[in-house]
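Engineer: Please read through the structure below; I'll follow up with questions.
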Amino acid sequence: MAYKEIDESNITLIDSVSSFIEMIKHIKETKEAQDGTSTELYFRGQETEFWDIEPSIFRDDMLSIEHKLMQIPLQKSPTEFRDLNSMFDIMTKYQHYGMCTRLLDLTTNPLVALYFACKKHGTVKYVTEDGEVEKEPYGVIYYTDKYYSSQSTDIEIQIVSALASYDLEKENTLSDVLERLYHDRIIDERTKDNWLVNYGEFVKIIQNNYMVMPTYTNERLRKQSGVFLLTSLFSFNKENETRNSVISKAKGKLKEEFSDTCFYISGEDKETILKELDLYNINEATLFPELEHQLSYIKYANRNLVNPVTDFTKYEEESVSNKQDIGVKQPELEQYIFDNFNDQFKGIIGEEDVKEVLNIIKEHFTVDWYKRNPILSKINMSITGYYLTKCQSRNVAKQKAEQIVTLLKQMVEDFITAMDERGE
């Protein structure tokens with residue numbers, strides 16, 4: 001699938017952390033000047049601009065089995081949830097472990113949203129005037145200022161969370177639902193009887209969305225300054241006899257809940273901004289306290305410190321007879337190598353490399369180096385590293401180093417043969 005290329009002249013583009021902070025500061029100050037009160041902004045960062053804004057339960061028709069997803073874990077692992085006081089808290093735990101829920105993750109910290117918008121998605125196809133191109137998609141940050149925060153103990157939150165766990169394919173009339181809420185001790189009898197007649201207040205509750213400040217039952221929520229948009233969107237089909245009116249689950253997109261102004265990050269700028277966010281202590285390790293993320297960040301942070309490593313070569317002990325101990329003649333061997341190096345290696349080493357390669361060999365000269373395989377292996381590894389920095393190809397660097405070490409060994413053999421012929 002190919003996506004339409006974005007016209008950058010019509011969007012607000014973020015290319016640095018500082019520019020983003022200034023924009024958010026301006027928005028907040030403008031809002032507060034208009035309203036005369038402090039304004040809370042809630043942010044959501046997404047790694048691609050073509051994703052809809054929707055909770056996971058609205059995807060792939062999972063809403064049709066929401067009641068099963070809410071109830072089965074409670075039956076299978078009841079001890080995991082015994083310390084939680086409400087269905088909303090249970091839903092929060094589900095969200096943490098990747099279960100589909102009607103919760104949408106947001107944050108009060110704009111830099112956290114920026115981090116999620118800068119996550120790598122992987123290249124996708126875009127349609128441009130010149131044809132199709134593949135590139136990393138834009139990240140995007142949405143924000144909203146239209147909500148006052150609710151608490152998980154508020155009756156509206158308890159009602160919506162309870163309805164999420166009900167099978168509304170069976171008991172779905174207004175009478176059925178209110179009776180169930182009364183049975184679950186979410187509403188009292190007086191409220192139940194009132195809403196059977198004056199249903200407008202109840203309908204308003206189940207058709208609104210709510211920004212909920214969760215109980216920080218896990219460290220990740222706290223570190224990400226997390227809040228949840230609890231989506232309601234229950235349909236109400238009124239019948240002549242109000243008590244028989246049908247309540248059903250429905251899904252919808254949530255872009256209208258956010259400001260028309262949003263912020264885009266070019267795929268080319270994502271990595272640069274992530275590095276800048278790291279300076280503000282916003283990274284995988286600080287936002288995800290679990291060990292797997294700590295280790296992932298350590299690997300990421302140290303990725304540029306690697307050095308080339310040679311492939312494994314099995315060590316084989318060579319007998320003394322294979323290479324004669326030249327004893328006091330070793331200085332002459334080394335001088336022989338210096339004197340004949342250019343002639344011997346001119347076929348495989350460029351003139352600009354002769355000095356560097358000869359220095360690498362010289363640095364490894366030690367007692368009996370010529371018959372010590374570990375020393376020859378180190379020479380091989382160092383030469384591989386030198387050529388790897390030049391050609392950026394491990395195979396080419398490895399091949400070049402093996403050719404040089406093979407010729408070096410041959411020079412040693414030639415010197416020994418010449419010494420034997422002289423009877424030394």
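Engineer: Return the whole-Å distance between the Cα centroid of the range 268-303 and the Cα centroid of the range 343-414.
Structural biologist: Cα centroid to Cα centroid, the span is 39 Å.
Engineer: Pop out the ³J(HN,Hα) list for the range 375-380 in order, Karplus 6.51 cos²θ - 1.76 cosθ + 1.60 with θ = phi - 60°, rounded to Hz; leave Gly and Pro as x.
Structural biologist: 5, 4, 5, 5, 4, 4
Engineer: Probe radius 1.4 Å, ligands and nucleic acids left out: which of Arg243, Arg82, Arg422 has the largest accessible area, and how do the rest follow? Could the numbers behind the result be given before it?
Structural biologist: Working: Arg243 100, Arg82 175, Arg422 130 Å².
These residues rank, largest area first, as Arg82, Arg422, Arg243.
Engineer: Which chymotrypsin sites (Phe, Trp or Tyr not before Pro) does the range 1-77 hold that lie in a coil by DSSP with at most 13 other beta carbons within 10 Å?
Structural biologist: Of the chymotrypsin sites (Phe, Trp or Tyr not before Pro), the ones in loops of the range 1-77 whose Cβ has at most 13 other Cβ atoms within 10 Å are Trp51.
Engineer: If I build a Gaussian network model for the chain, linking alpha-carbon pairs within less than 10 angstrom, which residue out of Pro55, Pro73, Pro214 has the largest mean-square fluctuation?
Structural biologist: So, out of Pro55, Pro73, Pro214, the one fluctuating most is Pro73.
Engineer: Dipole of the chain, Cα-centred, from +1 at each Lys and Arg C-beta and -1 at each Asp and Glu C-beta, to the nearest 20 debye?
Structural biologist: Result for the chain is approximately 900 debye, rounded to the nearest 20.
Engineer: Follow-up question, since we're still on this one. Where does each of 270-281, 221-232 land if you order them by average Cβ count within 10 Å, highest first?
Structural biologist: 221-232, 270-281
Engineer: Oh, and also: Please compute the volume of the convex hull spanned by the alpha-carbon atoms of the range 133-182 and report it per residue in Å³.
Structural biologist: In the range 133-182, the Cα hull volume divided by residue count equals 190 Å³.
Engineer: Now for a different question. In a Gaussian network model over the chain where Cα atoms closer than 10 Å are linked, find which of Glu290, Glu201, Glu332 has the largest mean-square fluctuation.
Structural biologist: Top of the fluctuation ranking is Glu332.
Engineer: If amide hydrogens are placed 1.01 Å from N in the peptide plane, which non-local residues have theirs closer than 5 Å to the one on Tyr3?
Structural biologist: Here the answer is Lys125, Tyr126, Val127, since their amide H atoms fall under 5 Å of that of Tyr3.
Engineer: Ok, one more. If you fit an axis through the alpha-carbon atoms of helix 351-363 and take the longest principal axis of the Cα set of the chain, what angle between them do you get, 0 to 90°, nearest 10?
Structural biologist: Once rounded, the angle reads 90 degrees.
Engineer: Cross-link candidates for Lys249: which lysines have Cα within less than 28 Å, leaving aside residues fewer than 8 places away along the same chain?
Structural biologist: Reachable lysines: Lys68, Lys76, Lys93, Lys146, Lys170, Lys192, Lys204, Lys238.
Engineer: Separate question: Out of the range 337-393, which trypsin sites (Lys or Arg not before Pro) are coil in DSSP terms and have no more than 12 other C-beta atoms within 10 Å?
Structural biologist: For trypsin sites (Lys or Arg not before Pro) across the range 337-393 that sit outside H, G, I, E and B with at most 12 neighbouring Cβ atoms in 10 Å, the list reads Lys346.
Engineer: Sticking with the crude label model, points 7 Å out along Cα→Cβ, report the distance from Thr417 to Ala33 in nm, one decimal please.
Structural biologist: Label-label distance for Thr417 and Ala33, simple model: 8.9 nm.
Engineer: On to the next question. Please give the helix 155-165 orientation as an angle from the longest Cα principal axis of the chain, in degrees from 0 to 90, rounded to the nearest 10.
Structural biologist: Value to nearest ten degrees: 70.
Engineer: Can you give me the angle between helix 17-35 and the longest principal axis of the chain, using Cα atoms only, in degrees from 0 to 90, rounded to the nearest 10?
Structural biologist: 10
The values are calculated or read from the model by the stated rules, or taken from the named source; none is laboratory data. Remember, predicted model here, so these are calculated numbers, not experimental data. Positions of Cβ are backbone-derived with ideal geometry, glycine not excepted, and every protein chain shown enters the neighbour counts. When the accessible area is computed, the model is the full protein with side chains, heavy atoms only, and any ligands, DNA or RNA have been set aside. Shrake-Rupley method; radii C 1.70, N 1.55, O 1.52, S 1.80 Å.
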